[in-house]
Every structure is written in structure tokens, then in C-alpha cells.
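Here is the structure we will look at.
Nothing in this text is a laboratory measurement; each read-out follows from the coordinates by a stated rule. For clarity, every value in this text was computed on a predicted model and none was experimentally measured. Cβ atoms come from the backbone with ideal geometry, glycine included; neighbour counts cover every protein chain shown.
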Amino acid sequence: MDRGTVGSANRGRLQVEARTEGLSEVVTPVGELDHHTADLLREPLESAVEQGRSRLVVDCSGLEFCDSTGLNVLLGARLKAEAAGGGVHLAGMQPVVARVFEITGAEAVFTVHATLEDALSA
């Protein structure tokens, strides 16, 4: 599902694809995750949990930027997934994005994997 063309021109800075792989919903944001684009990621994450897929794997390998709004989307997804008996796994974070998680301490509340393959096999 490609949702990157929805909305304003600013929203075109983020492409999000989602697919089911085994027991996991793999959500792949590519581009910049910020207050203009956060809903493009929030919607597939929430939809997956509503449809009973509570093990969420976010492939962050194509994520070039993440601000506090993007972080809050992921934290919100984590709460919903955990309430449904699952969780959020983050995979392949680029150093610039990993730094945001490190500075805020958010890395401590997520399961972080070096690669998507590691996240899917965990």
C-alpha cells in the first residue's frame, strides 16, 4: 500500500508500505517522518492492530529523518500493540534516526534489531 501521495505536497516526503509476513505486519516508511507526514505512518500501524496483527515490525532502513511527532507515532503504536498482546520491533535504523531514539531514551522501550531479517526471526 503506497500512501505517500495522499494529502499535501509535504506529505510526499514520506512513502509508507505495509505487508503481512508470517505473524508480523511489516511497515516500511521511506523518507522523512515529521509532523507533516506522521499520519502516513500512524494509519497503517493502527489499522494492523485493529485487524488483529499486533506484532509490528517497522523497517526503518529507508527512514532519513524522524522528529518528536514521528517518535510519538511509534510510541503510540507500541502501546496499542502491547495492549493487544504484541509489540513493536524496529529494524535497520540509520545513525541519524537511531540518535533521536538514543537522545530521548526511547531506544529502551523498543526492541531494536540491526536488520529486518533479524526482526522477523526474533
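See the values below:
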item	result
Percentage relative contact order, the chain, counting C-alpha pairs under 8 Å, at least six apart	21
Cut-off 10 Å between beta-carbons: net charge of the residues surrounding residue 23, Lys and Arg +1, Asp and Glu -1	0
Net charge over other residues, Cβ less than 14 angstrom from the Cβ of residue 117 (K, R count +1; D, E count -1)	-3
Net length gained if the chain between residue 122 and residue 94 were fully extended (0.36 nm per residue, minus Cα distance)	8.1 nm
Dipole-positive endmost among 86, 57, 18 within the chain (Cβ charges, Cα centre)	86
Label corresponding to Rg and Dmax of the Cα atoms in Å when calculated from the structure given, among (i) 15.4, 49; (ii) 12.9, 37; (iii) 48.3, 155	(ii)
Computed magnitude of the charge dipole of segment 14-118 (debye, nearest 20; Cβ of K, R +1, Cβ of D, E -1)	260
Under 15 Å, Cβ to Cβ, from residue 105 - net charge with Lys/Arg +1 and Asp/Glu -1	0
Difference of contour (0.36 nm per residue) and Cα-Cα distance, residue 82 to residue 107	7.4 nm
